[in-house]
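Any read-out appearing in this document is the output of simple, stated calculations on the displayed coordinates, not a laboratory observation. This one's a predicted model, so the numbers in the text were calculated from it and none came from an experiment. When we count neighbours, we look across all protein chains shown, and the Cβ atoms used for this are built from the backbone with ideal geometry, even at glycine.
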Amino acid sequence: MRERRKETKDTLAGSLLLAHPSMRDPNFRRSVVLMSVHNAEGAMGVVLNRPMGKRLGEFSGDFALGALAAVPMFTGGPVQAEQVVLAAWESRPDGFRLHFGVEPDKAIQLLAEEDAHVRAFVGYSGWSAGQLENEMKHHTWVVADVPEDLLTQPQDDTLWRTVLRREGAEWRLLADEPEDPEQN
């Protein structure tokens, strides 16, 4: 009953939302969303497993020759899909730390740190007040803690299966289902 216990948390900020295996919405099908904000006004996060196959320098000429040119790009979600959001993660002895919406100068500083990873997201995932809570009541999402090895896992379509499998035997079975049920 790990999922139900986590659903009662005051905030989902700092957690992962895993799309329920039955979700068909193409924006979130088999997605892993890292939540950065969750409060009475709404919620926000970024999809971690939608790599664009581009680097920030290729995407925007503003970054072409700078220190952030090699930062990988991801589709962060369907909200403001024209906006680039920089985020950084740090593995620290006291836990995982997320910097969301960082300025380029701060991203460059974090990029220089040994245990920090910088990513660029086009768009983000957002929910208005009460919207995510309603989706949680309908079991649209599986809430997971951020695994310590999150940054060493491939940030692609295999991430959803990897994290969902860790949530227990039932989830392990569902994670291993084929994308197309007719292939079962």
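General observations
- Taking label points 7 Å from Cα along the Cα-to-Cβ direction, E103 and D10 give a separation of 3.0 nm.
- Taking 0.36 nm per residue of separation and subtracting the current Cα-Cα distance, fully stretching the chain between A69 and R24 would add 12.8 nm.
- Charging the Cβ of each Asp and Glu at -1 and of each Lys and Arg at +1, and nothing else, the dipole of the chain about its Cα centre rounds to 240 debye.
- Label-point separation, A169 to A40 (7 Å along Cα→Cβ), nm: 4.3
- Distance between the modelled labels on D145 and D176, one decimal in nanometres: 2.4 nm (7 Å Cα→Cβ projection).
- In the elastic network of the chain, a GNM with C-alpha springs shorter than 10 Å, the most mobile of G66, G95, G76 is G95.
- Between W141, W160, W127, the residue with the greatest mean-square fluctuation in the GNM of the chain (Cα pairs under 10 Å linked by springs) is W127.
- Note on the chain: dipole from Cβ charges, positive end direction compared against L17, S91, Q80; the farthest Cα belongs to L17.
- Residues with amide H under 5 Å from that of M52, placed H, sequence gap 5 or more: M73, F74, T75
- The chain: most fluctuating residue of L173, L98, L68 per GNM, C-alpha cutoff 10 Å: L173
- Taking 0.36 nm per residue of separation and subtracting the Cα-Cα distance, full extension of the segment from D94 to E114 would add 5.6 nm.
- Legend: calculated FRET efficiency, V79 to H138, from the Cβ-Cβ distance at R0 = 25 Å, rounded to 0.05, equals 0.80.
- Entry for P(r) over Cα pairs in 10 Å bins from 0, in percent (calculated from the structure that is shown) out of (i) 9, 32, 33, 19, 6, 1, 0; (ii) 9, 37, 36, 16, 3; (iii) 10, 40, 37, 12, 1: (ii)
- Shape call, segment 41-139: gyration tensor on alpha carbons, a/c limit 1.5: oblate
- Paramagnetic label reach from T158 (point 7 Å along Cα→Cβ; backbone nitrogen cut-off under 19 Å): within segment 92-124, no residues.
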